[in-house]
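*Asks:* My questions all concern the structure below.
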Amino acid sequence: MRFLNAFLLFSILAFLMGCTKKNDVPVISQIIAGDSTGQYIRHVNVKKSIPSFNDVCTLDIDNDQTNDLTFRYWLQHGDPIINSEIFDVSPATTGVYVAIDNKGYPLVLKVGDTISDRLKWSDMSGQILWLDGTCGSPANSYHCQSGNWNNSSGGYLGFKIIKKTQTIWGWVWIMGNTRYIRDYSYTED
């Protein structure tokens, strides 16, 4: 009986103190922009430019043979935009989201920013990183710019991938004004 009481007391104390089994893996609910090291963080060098119109770069973030993000550089013609260069990003599969601002444009995050559910997220295709061109009508045209990455010399695009039992958090470092993708990191268990 003493053994049972001692075991129950020990179990209750261990529970109250937050002890876990050795094999338990923590639930990761964020990543820090720029963080590329750590027990549950994987880092991948990309070093890819998107130099010409209609060029794309796809990333299979978690190496599961399914593309997760597609970056595209293209030229748009027609009303109301007469002639504009566009650099955009699209989730390439279900469950992939990009961090956005209140206007719906992908955020330029700085090193040290937290990427978590506290940000606003979108899974829409063709999210404009930047647009630069001539807008309006042929009779009344003007220079226009749109997106947060127009004058970006470099920043972090936050993303999350929701799988059946986990959420993968990550960032992609992009030099927006030259359409250069340097690297990315993401959480894994």
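The values are calculated or read from the model by the stated rules, or taken from the named source; none is laboratory data. No experiment lies behind these values; they were computed from the predicted model shown. A quick note on method: Cβ atoms are made from the backbone with ideal geometry, for glycine too, and the neighbour counts reach across all protein chains shown.
*Asks:* Please work out which one of (1) on the phi < 0 side of the Ramachandran plot; (2) in contact (Cβ under 8 Å) with a residue 40 or more places away in the chain is the condition R118 fails and give its number.
*Replies:* (2)
*Asks:* Taking the stretch 148-189, which residues are hydrophobic (A, V, I, L, M, F, W, C) and either over 9 Å from the mean Cα position of the chain (by Cα) or surrounded by fewer than 21 Cβ atoms within 10 Å (Cβ to Cβ) (or both)?
*Replies:* From the stretch 148-189, those hydrophobic (A, V, I, L, M, F, W, C) are 149, 157, 159, 161-162, 168-169, 171-175, 181; that's our starting set.
Residues satisfying the conditions are W149, I162, I168, W173, I174, M175, I181.
*Asks:* Kindly indicate whether any position in the stretch 134-144 is β-branched (V, I, T), part of a strand (DSSP E or B) and farther than 19 Å from A92 by Cβ.
*Replies:* First, pick out the residues of the stretch 134-144 that are β-branched (V, I, T): 134.
From the residues that got through so far, the ones that are part of a strand (DSSP E or B) too are 134.
Cutting the leftovers down to farther than 19 Å from A92 by Cβ gives us 134.
Yes - at least one qualifying residue is present in the stretch 134-144.
*Asks:* Mind listing just one residue for me: the one in the stretch 104-133 that is in a strand (DSSP E or B) and among the aromatic types (F, W, Y) and, of those, modelled with the highest pLDDT?
*Replies:* Here is the first cut: in the stretch 104-133, the ones in a strand (DSSP E or B) are 106, 109, 114-116, 120-122, 127-133.
Okay, now just the ones that are also among the aromatic types (F, W, Y), so 121, 130.
On the way: W121: 98, W130: 94.
Step by step, filter the stretch 104-133, then rank; the result is W121.
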